[in-house]
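Some notes on the structure that comes next.
The values are calculated or read from the model by the stated rules, or taken from the named source; none is laboratory data. Treat the numbers as computed from the prediction; the structure is a model and nothing was measured. Every residue, glycine among them, receives a Cβ derived from its backbone with ideal geometry; neighbour counts consider all protein chains shown.
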Amino acid sequence: MKFIPELGTLLSQFVVVGILFWFLKKYALPPLLQAMRARSEKISADLKSSQASKAAAEELVRSRQQELQAAQREAQEIIKEGRLRTETETTAVLLKTEEQAARIIADARTNILKERTDVSNQLKQEVATLVYKVTAKVLEKELGVKDQERLVAQYVEQVAGLKR
C-alpha cells in the first residue's frame, strides 16, 4: 500500500493553508502584534518607573540615614554639654559649700575667742571687786592672822567657784 495523497487534494490543502495564513496575517496578526507591542512598552515603562522609584527610595534612605546620623551627633553634643554643665555646677556648689563651711568655722572661732575674752574680763572684774571688798574689810577691822587666813581662804573659794 502506498500512501501518497492525490495531487489535487494536496494542492487544495496548500491553497487552503495559504489562505488561512494570509487571513491570519492580514486580520489576526496585526492586533495581536499591536497588543504585544503595547504590553512590551508597558512593561518597559513599568521597569523604568520602578527603577526611578528604587532610586528615589535609595535617595530617601540615604537622606534619612544622614538625618539620623546628624540627630545622633546632636544628641551626643547635648549629652556632652549636659555632663560639662553638671560638672561645672557640682564644682561651683562644692566650692560654695567649702567657703560657707570655712566662714562658719571662722565665725565660730571668733565667737569663741570673744566669749573667752568676755568671760576672762568678767572674771577679772569680779576678782578685782572681791579683792577690793576683802581689802576694805581688812582695812575696816584690824584682823588677826587667823582671821586674815580665814578671809583669804574664803576669797580663794569664791575665785575657784567662779572659774567653774
Residue pairs meeting the criteria (Cβ under 8 Å; at least 6 apart or on separate chains; first part of a helix (DSSP H, G or I), in region 107-125; second exposed (fewer than 10 other Cβ atoms within 10 Å of the Cβ) and modelled with pLDDT under 85): Leu123/Lys163
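One line per residue, one yes/no per condition, for (1) of a type outside the set (Lys, Arg); (2) at pLDDT 85 or above:
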{"site": "Arg103", "(1), (2)": "no, yes"}
{"site": "Thr135", "(1), (2)": "yes, no"}
{"site": "Glu142", "(1), (2)": "yes, no"}
{"site": "Arg150", "(1), (2)": "no, no"}
{"site": "Ala153", "(1), (2)": "yes, no"}
Filter result for the condition that a residue is basic (Lys, Arg), surrounded by 10 or more Cβ atoms within 10 Å (Cβ to Cβ) and over 38 Å from the mean Cα position of the chain (by Cα), over Lys26, Lys42: Lys42
Matching option when the condition is free of Cβ contacts under 8 Å to residues at least 12 places away in the same chain, more than 24 Å from the chain's Cα centre (by Cα) and more than 30 Å from Ile19 (Cβ to Cβ), among Ala71, Ala92, Ala101: Ala101
